[in-house]
1. Could you say which residue among Y248, Y260 is outside any strand (DSSP E or B) and among the hydroxyl-bearing types (S, T, Y)?
2. Just need a number here: residues in the stretch 138-180 that are assigned to a helix (DSSP H, G or I) and not aromatic (F, W, Y).
3. Quick one: Y303 ticks every box in (1) under 27 Å from I138 (Cβ atoms); (2) aromatic (F, W, Y); (3) in contact with a Pro (Cβ under 6 Å, 6 or more places away or on another chain) bar one, so which box is it?
4. On the given criteria, is N53 open to solvent by 20 Å² or more (accessible area, probe 1.4 Å) and in contact with a helix residue (DSSP H, G or I) (Cβ under 9 Å, 6 or more places away or on another chain)?
5. In the stretch 105-123, how many residues are part of a loop (DSSP other than H, G, I, E, B) and either within 16 Å of the ligand (Cβ to nearest atom) or crowded, with 22+ Cβ neighbours inside 10 Å (or both)?
6. Take L188 and decide whether it is in contact (Cβ under 8 Å) with a residue 24 or more places away in the chain, touching a Lys or Arg at 6+ places or on another chain (Cβ under 9 Å) and hydrophobic (A, V, I, L, M, F, W, C).
7. If I filter the stretch 180-194 for residues that are among the small types (G, A, S), closer than 24 Å to E316 by Cα and touching a helix residue (DSSP H, G or I) at 6+ places or on another chain (Cβ under 7 Å), do I get at least one hit?
8. Taking the options E126, E162, name whichever one is out of contact with any Pro (no Cβ under 7 Å at 6 or more places or on another chain), open to solvent by less than 20 Å² (accessible area, probe 1.4 Å) and of a type in the set (D, E).
Amino acid sequence: MTDLSVARTAQQSAFDVDAIRRDFPILSQQVNGKPLVYLDNGASAQKPVAVLNAMDRYYREMHSNVHRGAHTLGDRATAAFEGARETVRDFLNAGSTREIIWTRGTTEAINLVANGLAPRLKAGDEILVSHMEHHANIVPWQMIAERTGAKVVPIQVTPEGELDLDSFNSLLNERTRILAITHVSNVLGTVNPVAPLIEQAKARGVLTLLDGAQAVPHYRPDVQALGCDFYVFSSHKLFGPTGIGVLYGKAQLLEEMPPYQGGGEMIERVSFDRTTWNTLPYKFEAGTPAIAEAVGLGAAIEYLGRLNRPAMEAAEAALLARANELVATVPGMEVIGTAKHKVPVMSFKIAGLHPSDIGTLLDQQGIAIRTGHHCAMPLMDFYGVPGTARASFAFYNTLDEVDQLFTALQKVQRLFA
Ligand code: 7TS
């Protein structure tokens, strides 16, 4: 057997990708007259029927506002909503549901933490991020830095797209207060060696936040083993609905942080003399929450829990290996991000072609990828490119789809480069 057929057999036997694809109705459609090949999972992933049904059932059978204790529907909605919080707690292996805060997504979660930590910062303090961050893990810190006189300092990246550990070691110093880095890069696919970095940061009393937006679709993080103070992610990249995400935070830190927004739910008692805050996690959840979305995210995590995870990770590795193998078949194609440890994400350029043209030409063949700066402009500057084309795979993608991508790229290259 060739390596390829070994990989194909492994994918089919341990992980029945055809059966899995039937769980995702959106995948079996034609786009521009061609079967859809969806390779834009890094931007947002598709939803299994289990998620659609859970949300539909929620609205048909149990919708009401939560935490009012007024009637049966309200109790059902509250049970479903808080059940989802427990599902997230279990997924992250957090110690308590008090440490699981619903947000609108990764972006809002990071803004919440940045605002909550602002009172601890003073002029001259440093917030360590990396050169490969999504804007969501740069801009909120810059805004807080502006307010407090602190400084945002980027850890350098190597040409291969790995964190430069020498740079990290030289930048971590007595002025560092916060280390906020991505677990997995959305552009490069790099899986960062976060555990040892957190350990070093903690030894110096530095608070740590991991942006898990691109990690959770591929791995199940254990926040207690990682030892981070905060871990954030978005539901929509984890096969759940849009409009909801998660902030995990250590209870003691969350207790010490001021609320992010004021309103209903987040208070214990309100008077014109003095208002007091609700207990965790509600202190950070002002207003009526995204209830159906929480239920949908819970269903997505439960769906993932029913998959064979080692087989899923092997299948994803096979997708990336196949893509790497085929790069040489497209003249002038260059991969940006060749770290040793990667999730199945491939950013690339093709000599003589603008990334947006690659995207448009692939779309005409039914293949969805993302092109542009991927909300990581500092990283684009580092590589000296205006943008890249990026194929980002999920466990429901097939080796045939990888082949289709490369056949299409060969065609694009022949006709236009
Ligand atoms: N952090 C990382 C690492 C991301 O990849 C993204 C979104 C975000 C934060 C923001 O997530 P949001 O759900 O709050 O918007 N990344 C991408 C992407 O790569 N293409 O589209 C969105």
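1. Numbers: Y248 fails: outside any strand (DSSP E or B).
Of the residues listed, the single one that is outside any strand (DSSP E or B) and among the hydroxyl-bearing types (S, T, Y) is Y260.
2. We begin by selecting, within the stretch 138-180, every residue assigned to a helix (DSSP H, G or I); these are 139-148, 165-171.
Next, only the ones that are not aromatic (F, W, Y) stay: 139-140, 142-148, 165-167, 169-171.
The qualifying residues number 15.
3. All conditions pass for Y303, except number (1).
4. Numbers: open to solvent by 20 Å² or more (accessible area, probe 1.4 Å): yes; in contact with a helix residue (DSSP H, G or I) (Cβ under 9 Å, 6 or more places away or on another chain): yes.
It is true that N53 is open to solvent by 20 Å² or more (accessible area, probe 1.4 Å) and in contact with a helix residue (DSSP H, G or I) (Cβ under 9 Å, 6 or more places away or on another chain).
5. Of the residues in that region, 1 qualify.
6. Details: in contact (Cβ under 8 Å) with a residue 24 or more places away in the chain: yes; touching a Lys or Arg at 6+ places or on another chain (Cβ under 9 Å): yes; hydrophobic (A, V, I, L, M, F, W, C): yes.
Considered against the rule, which asks whether it is in contact (Cβ under 8 Å) with a residue 24 or more places away in the chain, touching a Lys or Arg at 6+ places or on another chain (Cβ under 9 Å) and hydrophobic (A, V, I, L, M, F, W, C), L188 comes out as yes.
7. First pass over the stretch 180-194, keeping only residues among the small types (G, A, S): 180, 185, 189.
Next, only the ones that are closer than 24 Å to E316 by Cα stay: 185, 189.
Remaining after also requiring touching a helix residue (DSSP H, G or I) at 6+ places or on another chain (Cβ under 7 Å): none.
Among the residues of the stretch 180-194, not one is among the small types (G, A, S), closer than 24 Å to E316 by Cα and touching a helix residue (DSSP H, G or I) at 6+ places or on another chain (Cβ under 7 Å), which makes the answer no.
8. Numbers: E162 fails: open to solvent by less than 20 Å² (accessible area, probe 1.4 Å).
None of the others qualify; the one that does is E126.
The values are calculated or read from the model by the stated rules, or taken from the named source; none is laboratory data. Every value quoted in this text rests on a predicted model; they were computed, and no experiment measured them. All Cβ positions, glycine included, derive from the backbone under ideal geometry; neighbour counts span all protein chains shown. All accessible areas refer to the heavy atoms of the entire protein, side chains included, with ligands and DNA or RNA removed. Shrake-Rupley method; radii C 1.70, N 1.55, O 1.52, S 1.80 Å.
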